[in-house]
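The values are calculated or read from the model by the stated rules, or taken from the named source; none is laboratory data. On a predicted model such as this, the values are computed, not experimentally measured, just so you know. Using ideal geometry, Cβ is built from the backbone for each residue, glycine included, and neighbour counts are taken over all protein chains shown. These area figures cover heavy atoms from the full protein model, side chains too; ligands, DNA and RNA do not enter into them. Shrake-Rupley method; radii C 1.70, N 1.55, O 1.52, S 1.80 Å.
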Amino acid sequence: MDLNLLVSGAVYGTTLTLIAIAAPRFTRVLLAASLVVAAAFYVWFALDAPTSAAWLAVELAGIGIYGYAAMRGVRGSAWWLVAGLTLHPIWDVAIHYAGPGRAFAPEWYTTWCLTYDLMAAALTAIAILIGTHLTEVPSPKPATASVVWLRNSICTCGSTCSCSATGTCTATMGACAA
């Protein structure tokens, strides 16, 4: 493994994770996106090389696995993001660096991704343990739509008014005397 790629992956993993943590509104989405994109690159490599449909299915399964962890990490516990980022290096090394995926996955990517994922996982775990915004599980936000039913009616004053459900009348044409 190339030491420069290992260091570069660690630096980029640290940088993106710290940027993500510094943006509380987008932290989980950024970390989840990096996890899914890392898996999607292997699909791209498989499509670019002469691989079988079965092998492409394996790579798509990887997107499904890491996409599931990413989704659970965005909607639930951030530990799902840590789990996905921690397990992805196994996918990198066992399948693409030393395994059958070596035929099409570039060595530079598997090496770089190894330390990127591990640094992102470690910093995310530290952020959870020290009690940052990643500690809380996001709660579902209820719909905030407010509907006020208006109906046109003839007011006692004889003009056309809009009456709300509470019975308050406002003139739409002319003056309302009610």
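The table below lists the values:
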| item | result |
| --- | --- |
| Odd one out for D48, checked against (1) touching a residue at least 12 places away in the same chain (Cβ under 8 Å); (2) surrounded by 14 or more Cβ atoms within 10 Å (Cβ to Cβ) | (2) |
| Residues being out of contact with any Leu (no Cβ under 9 Å at 6 or more places or on another chain), over 20 Å from I65 (Cα atoms) and in a helix (DSSP H, G or I) - total across the stretch 1-41 | 8 |
| The stretch 28-42 - residue that is open to solvent by less than 20 Å² (accessible area, probe 1.4 Å) and more than 11 Å from the chain's Cα centre (by Cα) and, of those, nearest to A120 (Cα to Cα) | A38 |
| Every residue from the stretch 67-90 that is open to solvent by 30 Å² or more (accessible area, probe 1.4 Å) and in contact (Cβ under 8 Å) with a residue 40 or more places away in the chain | V74, R75, S77, W79 |
| Condition check for Y109: under 24 Å from T124 (Cβ atoms), open to solvent by 60 Å² or more (accessible area, probe 1.4 Å), modelled with pLDDT of 90 or more and assigned to a helix (DSSP H, G or I) | no |
| Criterion violated by G64 - all others in (1) in contact (Cβ under 8 Å) with a residue 24 or more places away in the chain; (2) open to solvent by 20 Å² or more (accessible area, probe 1.4 Å) satisfied | (1) |
| Residue that is within 23 Å of the chain's Cα centre (by Cα) and not hydrophobic (A, V, I, L, M, F, W, C), where the choices are T110, T51 | T110 |
| Residues that are aliphatic (A, V, I, L, M) and either touching a strand residue (DSSP E or B) at 6+ places or on another chain (Cβ under 7 Å) or under 22 Å from R28 (Cα atoms) (or both), drawn from the stretch 91-121 | L114, L118, M119, A120, A121 |
